[in-house]
Amino acid sequence: MAENTIPEGNRKSLNFIEQKVESDLSEGLNGGRIQTRFPPEPNGYLHIGHAKAICLDFGIAEQYGGICNLRFDDTNPTKEDVEYVDAIQEDIKWLGFQWENVYYASDYFRQLFDFAVRLIKAGKAYVDEQSSEQVAAQKGTPTQQGINSPFRDRPIEENLDLFLRMNDGEFEEGAMTLRAKIDMASPNMHFRDPIIYRIIKHPHHRTGTTWKVYPMYDFAHGQSDYFEGVTHSLCTLEFEVHRPLYDHFVDLLVEEVNKEGDGFERNKIYEHYRPFQTEFNRLNLTYTMMSKRKLLQLVKEKVVSGWDDPRMPTICGYRRRGFTPASIRNFINMIGYTKYDGIIDVAQLEHAVREDLNATAKRVAAVIRPIKLILTNYPEDRVEMFDSVNNPGDPSAGVHKISFSRELYIEADDFMENAPKKYFRLTPGQEVRLRCSYIIKCTGCRKNEAGEVVEVYAEYDPQTKSGMPESNRKVKCTIHWVSAKHAIPAEVRLYDRLFIVENPSEEKEKDFHESLNPDSLEILTNCFVEEELKTAKPYDYFQFQRIGYFNVDPDSANGNLIFNRTVALKDTWSKIKNK
């Protein structure tokens, strides 16, 4: 067994990628090295689908004692920005991973250009002056072979001259492309003389105006893997059909590198080496849009507040909503990796964060739709302090103090003047327990001119305090509260799913705006939380007892607390959907 294979005693059931890695190690492939890379294009913010790739790329390297590099696929300057580069790095670190090195595809622009020149000199590439529509038309169909470009048999010297002039900026965008000369009759459409370079005159975020031609993904990806020493190039399933082309270009590069006395980028460290691509299923979630283009459209149209809007499936959006790195990693581990695309119920992701927050979140009292409760027989100037358990599942989390006084806030839903038989909360003549304090009995209420209840009245039983003789008296309901005198005002944002259809990505015949959930955000401004939260900081997370899990939004400032609902205590969406 290779030294960096998982010891037998620590084994779990291996997925197909882990099985391949172990097989490669046992065969001594690439000298027994493991090196992966995470190669995002910096043209937007990472979403939850990228988290799956991150966990795999970094996880495989960590699991087998290898390294994982971060490589930005910055080959299209018209869509890329430093803002996205910075955000991507922040997201990866937040998820709990650290790259070995940071690379850019633009690091290899010179090597890639030189490789293209070599292909031209070898008669394996030519400059085409057809439009993109003409190129597409003459490529044929999967059942009909393509037609050779009229420029396919240009002399090598002319191709070389034109390519150099393309990069000098002599020609306009779209006027010419460089195509690999492979096989227009190939049953694999990707082999029908693919475009490998196009003219782009937009300044690059790193190289400025040095280059006027830029490599296509299929030409840059495998070569970048090679230059870095990647052993396992892990991609999602849509790249499976590109793998033969990946192998073709890598083989051509290795052939050029190994030419005697040539000296072209000879990789002396990894001699007899080449990268190999393996594909896995991408992550698709119900009620979730994963298209970067459409997510960008939502941001530009201000349908959402930005890339980090808590309704967005971006990693920064989940972070702002209160998801934890552990919950996302646990979710990815739960769903695993296969060779078959499917769609995962978003309820599984919500279950993962509930499970993590249930174990770690501090329990606090918050009233988000308040109504005042007055204990008419409780002394007006009296204040008691009660112990509130921070986390019942973790005794080491301890307790904190919560103030109790004559006037309290309770949830409006916890009172009903004319209640049905099985309503066990506050109603005239009925008893409930106030959490960690007393049993009270409702005596009535006061309404405003509109007939709305504005105050509820009750009497407390002083003998029912914890430790007192009547403290064990049975009542059918316990409700939470905050002291009106000590409560801190807060804004609460209740987030729900952004789309109301199960698979918005498949609603191709519709404008995706029609599938938006009009109730995806409700803002409550007249909320109150217990005084324990006065020192809460952005991204701190809590369980609001009986309500759900919430975290402090970074918009909070100068004592104005804003909370985002991460998830409710239970999955209520299925019940609503099935009504």
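Take the Cβ-Cβ distance between Thr143 and Asn101 as r, set R0 to 35 Å, and report the resulting FRET efficiency rounded to the nearest 0.05.
Rounded to the nearest 0.05, the efficiency is 0.20.
So how do Glu502, Glu80 rank on accessible area, 1.4 Å probe, biggest first, that is with the largest at the start?
Per-residue accessible area, sorted high to low, gives Glu502, Glu80.
Starting from the amide H of Tyr104, placed 1.01 Å from N in the peptide plane, find each other amide H under 5 Å away whose residue is 5 or more places distant or on another chain.
When sequence neighbours closer than 5 places are left aside, the close amide H contacts are Phe72.
How big is the antiparallel share of DSSP beta bridges in the range 124-281, given as a percent to the nearest 5?
70 percent
Any idea how far apart Ile156 and Glu470 come out in nm if each label point goes 7 Å out from Cα toward Cβ?
Going from the Ile156 label point to the Glu470 one covers 10.3 nm.
First measure r as the distance between the Cβ atoms of His202 and Arg293, then evaluate 1/(1 + (r/R0)^6) with R0 = 25 Å and state the FRET efficiency to the nearest 0.05.
It comes out at approximately 0.90.
From a point 7 Å beyond the Cα of Lys124 in the direction of its Cβ, which residues of the range 236-256 have a backbone N at a distance under 16 Å?
Once the point is set 7 Å along Cα→Cβ of Lys124, 244-256 turn out to lie under 16 Å by backbone N, inside the range 236-256.
Kindly write out, for the range 232-238 in residue order, the coupling ³J(HN,Hα) from the Karplus curve 6.51 cos²θ - 1.76 cosθ + 1.60 (θ = phi - 60°), rounded to whole Hz, with x marking Gly and Pro.
Per-residue couplings from phi come out as 10, 8, 9, 10, 7, 4, 5 Hz.
Any chance you could run the full-extension gain for Glu172 through Asn258? It's 0.36 nm times the residue separation minus the Cα-Cα distance, nm to one decimal.
Gain on stretching Glu172 to Asn258: 27.4 nm.
Just the number, please: percent antiparallel of the DSSP beta bridges in the chain, rounded to the nearest 5.
70 percent
So if R0 is 56 Å, what FRET efficiency would Lys447 and Ser396 give, r being the distance between their Cβ atoms, rounded to the nearest 0.05?
My answer for the efficiency is 0.75.
Per 0.36 nm of contour for each residue apart, how much would the distance between Ala412 and Glu506 grow if the chain were fully extended, relative to their Cα-Cα spacing?
29.8 nm
Of the listed pairs Lys292/Lys362; Lys362/Lys476; Lys372/Lys465; Lys139/Lys300; Lys372/Lys476, which have alpha-carbon separations greater than 27 Å here?
Those over the limit are Lys292/Lys362; Lys139/Lys300.
Considering the Cα positions of the chain, please state its Rg to one decimal place and its Dmax as a whole number of Å.
31.1, 102
Suppose each label sits 7 Å from its Cα in the direction of the beta carbon; what would the Asn15-Ser131 distance come out to in nanometres?
Between Asn15 and Ser131, the simple spin-label model gives 4.4 nm.
The values are calculated or read from the model by the stated rules, or taken from the named source; none is laboratory data. Bear in mind the structure is a predicted one, so any value in this text is a computation, not a measurement. Note that we place each Cβ from the backbone using ideal geometry, even for glycine, and neighbour counts take in every protein chain shown. For the accessible areas, the whole protein counts, side chains as well, though only heavy atoms, and no ligand, DNA or RNA atoms are used. Shrake-Rupley method; radii C 1.70, N 1.55, O 1.52, S 1.80 Å.
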